[in-house]
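The values are calculated or read from the model by the stated rules, or taken from the named source; none is laboratory data. Please read all numbers here as calculations on a predicted model, not as lab measurements. Cβ placement follows ideal geometry from the backbone for every residue including glycine, while neighbour counts extend to all protein chains displayed.
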Amino acid sequence: MKTDLSASLFEKARQVIPGGVNSPVRACKSVGCDPLFVRKAKGAVVVDVDGNEFIDFVGSWGPMILGHAHPEVIEAIEKTAVDGTSFGAPTPLEVELAEMVCDSVPSLEKVRFVNSGTEATMSAVRLARGYTGRNVVVKFDGCYHGHADSFLVKAGSGVITLGIPGSPGVPEDIVKNTLSIPYNNVEVLEETLRDEKLDIACVIVEPVAGNMGVVVPEMAFLKKLRELTAELGIVLIFDEVITGFRLALGGAQERFGIMPDLTCLGKIIGGGLPVGAYGGKREIMDQIAPDGPVYQAGTLSGNPLAMAAGLAMLKVVRREGFYRELEEKSDWFAGELAGIAAGAAVPTTLNRIGSMMTCFFTPDPVTDFESAMKADSEMYGRHFRQMLAGGVWLAPSQFEAAFISGAHERSHLEKALEVTEWSFKKLAE
Ligand code: PLP
């Protein structure tokens, strides 16, 4: 594969951008190669600057549930752009999107738009603290909630991928207010939440973890989490930045029938433009300025281009049959993939729910951070490079999800399965 242009861009980028990238995992360090620079993408196919084409299972890390450059999303952005790109004043588009989001996500009565998933989680936690008058945030090992200071404690995503235990620059004083406990462990959960000395304001959870690879929650765990937080007056925050509009129109909360107090959204909600949102019960949301005392603001929040892209995206996913078809396609693909894995002399465990999945290179079940860490990252790196050589673009880390989109056709999925079978055979040699 010719990669000269990517190599020369990476060289230039490293002179002026830390690590040559604007988000660490993109540098591909943990999979042992240099990044490819993208020229364009359409549907399920990404084209790099050297002209190589790949079937994409990254989907910009989740947002592209319709595939790339969906005509309705692009048209909405183009139409909106000619009338101006930012006003710092309310627009009709943000009202329309807020109504659509509240109508789609069952527990949302009010929603506030921000510019990223990190802003959404950071603001939701501030709100929970302001609302309860308490300080401590409980999270789960291996869950990632963006890069705000209080979340960089046993975090997932790039923090695991690069083996960073926390982060320099995050003051001890902040970290001491974040408690991280094991995912899917009801006993530790109950013991922690019932400890009155802890002064817990909120629990934030990925209702399906996507950032230590996909880890599906046990229903007993989620139910207990809801029961205990309700009983103890602790705000329950579902971080649905990945799962929102992915696992169902109403996200994981619709799929599992468990309603949080606050929900964080990102990725799909912006149609590929920078949008995040947090929302929930009216009583809590009314604490936000200007109605209440909890401050949160943004120059570009509710940006018209981003709102138009999000609206166009949600209009498509709300169409009859969208999630059913995505589910059927993902189910078929995962079944074939599991068959290939079972026939290969490479030990793997496939975790999947809906259109998100991770093939872990370990024979043992993956149910939490500890078991995820048993996966063989070095073997994943070889698999990643082989898949890339075969024209399939996976996430450059073992601890991420692969996403299927509405744009993946049977032919794309069949080709990806063929390349996977070939790659597994080579790994077993
Ligand atoms: N929460 C979850 C569950 C995420 O997966 C991410 C990003 O991957 C974030 C929050 C942070 O979102 P952003 O990268 O848009 O700041």
Taking segment 54-113 as the region of interest, how many residues are over 30 Å from His412 (Cα atoms), touching a Lys or Arg at 6+ places or on another chain (Cβ under 8 Å) and in a loop (DSSP other than H, G, I, E, B)?
2
Being acidic (Asp, Glu) and assigned by TED's automatic domain parsing to the domain that holds His383 narrows Asp103, Asp48 down to just Asp48
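Residue by residue, here is whether (1) surrounded by fewer than 17 Cβ atoms within 10 Å (Cβ to Cβ); (2) more than 16 Å from the ligand (Cβ to nearest atom) holds:
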position: Gly266; (1), (2): no, no
position: Ile269; (1), (2): no, no
position: Gly276; (1), (2): no, no
position: Ile288; (1), (2): no, yes
position: Gln296; (1), (2): no, no
position: Ala306; (1), (2): no, no
position: Lys315; (1), (2): yes, yes
position: Arg318; (1), (2): yes, yes
Within the group Leu265, Leu232, Leu228, Leu273, which residue is in the same structural domain as Ser123 (by TED's automatic domain parsing) and within 21 Å of Glu109 (Cβ to Cβ)?
Leu265
Condition test on Pro260, is it away from the ligand (no atom under 13 Å from the Cβ), crowded, with 24+ Cβ neighbours inside 10 Å and not in a helix (DSSP H, G or I)?
yes
Using beta carbons and a limit of 6 Å, which pairs, at least six apart or on different chains, have the first residue in segment 240-254 and in a loop (DSSP other than H, G, I, E, B) and more than 14 Å from the ligand (Cβ to nearest atom) and the second one modelled with pLDDT of 95 or more and among the charged types (D, E, K, R)?
Ala248/Glu254; Ala248/Arg255
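Results for (1) buried (at least 20 other Cβ atoms within 10 Å of the Cβ); (2) out of contact with any strand residue (DSSP E or B) (no Cβ under 9 Å at 6 or more places or on another chain); (3) on the phi > 0 side of the Ramachandran plot; (4) aliphatic (A, V, I, L, M), shown as yes or no for each residue.
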position	(1), (2), (3), (4)
Ile17	no, yes, no, yes
Asp48	yes, no, no, no
Gly51	no, no, yes, no
Gly67	yes, no, yes, no
Asp83	no, yes, no, no
Quick check on this structure: which one of Ile164, Ile204, Ile160, Ile174 is modelled with pLDDT of 95 or more and assigned by TED's automatic domain parsing to the domain that holds Gly251?
Ile204
For segment 114-146, which residues satisfy the criterion of being within 16 Å of the ligand (Cβ to nearest atom) and in a helix (DSSP H, G or I)?
Gly117, Thr118, Glu119, Ala120, Thr121, Met122, Ser123, Ala124, Val125, Arg126, Leu127, Ala128
Filtered residue count, segment 393-428, keeping only those that are without any contact (Cβ under 8 Å) to a residue 12 or more places away in the chain and not in a helix (DSSP H, G or I)
0
For residues that are touching a helix residue (DSSP H, G or I) at 6+ places or on another chain (Cβ under 7 Å), within 15 Å of the ligand (Cβ to nearest atom) and of a type in the set (A, V, I, L, M, F, W, C), tally how many sit in segment 185-229.
7
List pairs: first residue in segment 355-366 and in the same structural domain as Leu337 (by TED's automatic domain parsing), second residue surrounded by fewer than 24 Cβ atoms within 10 Å (Cβ to Cβ) and of a type in the set (S, T, N, Q) anywhere in the structure, Cβ distance under 6 angstrom, at least six positions apart or on different chains.
Ser355/Ser330; Thr358/Asn351; Cys359/Thr348; Phe360/Thr349; Phe361/Thr348; Thr362/Thr349; Val366/Thr349; Val366/Asn351
Find all pairs meeting these conditions: Cβ atoms under 6 angstrom apart; at least six residues apart or on different chains; first residue within segment 188-216 and over 19 Å from Val125 (Cβ atoms); second residue part of a helix (DSSP H, G or I).
Val208/Ala252; Met212/Phe369; Met212/Ala372; Gly213/Ala372
Can you confirm whether segment 164-184 contains a residue that is within 13 Å of the ligand (Cβ to nearest atom) and surrounded by 23 or more Cβ atoms within 10 Å (Cβ to Cβ)?
yes
